[in-house]
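For reference, the structure is listed below as structure tokens.
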Amino acid sequence: MADKKVVIYSTPTCPICKRTKEYLTEKGVQYTDLNVAGSKELTKEMIDKSGQMSVPVIIIDDQVVVGFNQGKIDKLLS
Amino acid sequence: MSDLMIIGGGPAGLAAAVYAARKQLKTLLLSKDIGGQVNLTLGIENYLGYQFIEGPELIDKFQSQMNQFPIDQKIGGKVSRLEKTTKGFQATLASGEKYQSTVAILTTGKRPRKLNVPGETEFTGRGVTYCAICDGPVFTGQRVAVVGGGNSALEAALDMVKIAEYVNLISLTPLTGDTLLIERLKGSQNLSIFLEHETERIEGDTLVSGIVIKDRKSGKRQKLEVSGVFIEIGLVPNSELVKGWVELNQQGEVIVNCASETSVPGLYAAGDVTNVPEKQIVVAAGEGAKAVLQAHRYLQRLTV
């Protein structure tokens with residue numbers, strides 16, 4: 001698990017983003033949290049990588065997870 | 001085979017699970033997520049015991065309380081079919097797995113209502129969103145449309161006028177939300193309100209670029225250039241699993257009596273999916289608890 005690179009694009013007002021981050025923390029996963037609110041660069045980066053304008057977007061290595069999809073996150077982390 | 005199957009993991013389902021465990025019922029919780037609509041709720045100031053708590057934090061507390069008990073949980077899969085069997089009920093997941101129980105409680109809640117216009121599904125997550133508090137900040141400095149005329153739409157518009165370049169509020173009817181919110185909106189410089197306008201379609205290439213609206217009186221159409229469309233037109237009950245064999249009201253809510261019983265013996269329902277008035281966390285949790293206690297009595301009657 002330690003060698004996976006996990007990035008989450010989120011906004012500070014998004015409850016489900018918070019839940020996703022808490023879930024990752026509980027699992028002992030280290031992640032980079034990128035706040036897209038008000039950042040054109042990060043918003044563009046998120047859209048380029050995922051085609052998504054809805055948060056959270058989670059990138060595990062180069063795999064994209066849209067929303068708090070626990071099943072998919074578990075699978076990609078294992 | 002379980003004694004009890006709970007379908008749905010929001011406040012009603014989680015309260016039901018805790019009560020079921022305390023009655024020592026062999027319980028299975030099936031849900032696509034834990035928390036349901038509370039996951040989309042930022043601040044809660046009316047759940048007893050907490051003067052203020054965030055949605056995800058309250059759900060974590062519910063979940064850790066539930067996890068003190070030996071409850072079988074299948075989280076992440078969607079129940080695609082629920083049926084009555086000779087011995088009780090059977091749920092089938094989208095993956096094909098099947099689960100049986102003697103009694104069942106439906107706590108599947110509600111989901112955002114869709115407009116059902118061209119472009120909506122295609123652009124969901126690509127400019128179309130049903131969670132304004134989540135995705136609002138993504139559209140900082142952009143032009144957006146908010147569709148709806150009730151409190152959720154007005155709140156979304158109020159949040160967005162602060163950060164968006166321009167906000168178009170499009171309502172099929174006159175505004176139906178609180179006067180206080182309407183008054184607050186009226187001072188905004190970067191806002192247009194289109195009353196009695198129908199949203200006809202959402203357009204774009206890979207992402208949303210505009211929305212076409214039609215004046216219901218004059219029939220005149222116009223295109224508004226926006227990159228975000230916030231749809232806030234209410235909620236619909238997740239009652240498809242029991243449609244056709246359990247009594248529903250006109251809104252599609254499961255009809256329950258004061259003992260949480262549906263029209264099918266052994267099948268109970270609680271929370272936002274039901275016709276119980278007032279969709280509140282505390283009401284849903286209370287109804288979930290009551291449904292289990294009633295289901296427990298039903299099980300006792302079966303065994304004597």
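The values are calculated or read from the model by the stated rules, or taken from the named source; none is laboratory data. Only a predicted model underlies this, so the values are computations on that prediction, with no experimental measurement involved. Note that we place each Cβ from the backbone using ideal geometry, even for glycine, and neighbour counts take in every protein chain shown.
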Cross-chain or 6+ apart pairs with Cβ under 7 Å, region A:38-56 first and within 9 Å of another protein chain (Cβ to nearest Cβ), then assigned to a helix (DSSP H, G or I) and of a type in the set (Asp, Glu): A:Met53/B:Asp135; A:Ser54/B:Asp135; A:Val55/B:Asp135
Checking the conditions here, which among B:Ser171, B:Ser152 is modelled with pLDDT under 95, among the hydroxyl-bearing types (Ser, Thr, Tyr) and not assigned by TED's automatic domain parsing to the domain that holds B:Ala291? B:Ser152
Going residue by residue through region B:13-36, is there one that turns out to be acidic (Asp, Glu) and away from chain A (no Cβ under 14 Å)? no
When only residues in region B:120-157 that are more than 14 Å from chain A (Cβ to nearest Cβ) and assigned to a loop (DSSP other than H, G, I, E, B) count, which is surrounded by the fewest Cβ atoms within 10 Å (Cβ to Cβ)? B:Gly150
Here the residues within region A:1-37 that are surrounded by fewer than 14 Cβ atoms within 10 Å (Cβ to Cβ) and either part of a loop (DSSP other than H, G, I, E, B) or among the hydrophobic types (A, V, I, L, M, F, W, C) (or both) are A:Met1, A:Ala2, A:Asp3, A:Lys5, A:Pro12, A:Lys27, A:Gly28, A:Gln30
Can you pull out every residue in region B:48-76 that is touching a Ser or Thr at 6+ places or on another chain (Cβ under 6 Å) and surrounded by 15 or more Cβ atoms within 10 Å (Cβ to Cβ)? B:Gly55, B:Ile71
Pick out the one residue from B:Lys61, B:Lys87, B:Lys74 that is part of a strand (DSSP E or B) and out of contact with any Lys or Arg (no Cβ under 6 Å at 6 or more places or on another chain). B:Lys74
Within region B:245-304, the residues that are over 17 Å from B:Phe89 (Cα atoms), touching a residue at least 60 places away in the same chain (Cβ under 8 Å) and over 21 Å from the mean Cα position of the chain (by Cα) are B:Leu293
Are any of the residues in region B:40-48 within 12 Å of chain A (Cβ to nearest Cβ), in a helix (DSSP H, G or I) and touching a residue at least 24 places away in the same chain (Cβ under 8 Å)? yes
Just to be sure, is A:Ile59 more than 9 Å from chain B (Cβ to nearest Cβ), over 20 Å from B:Leu42 (Cα atoms), hydrophobic (A, V, I, L, M, F, W, C) and within 11 Å of the chain's Cα centre (by Cα)? yes
Residues being in contact with a Lys or Arg (Cβ under 7 Å, 6 or more places away or on another chain) and at negative phi - total across region B:247-266: 1
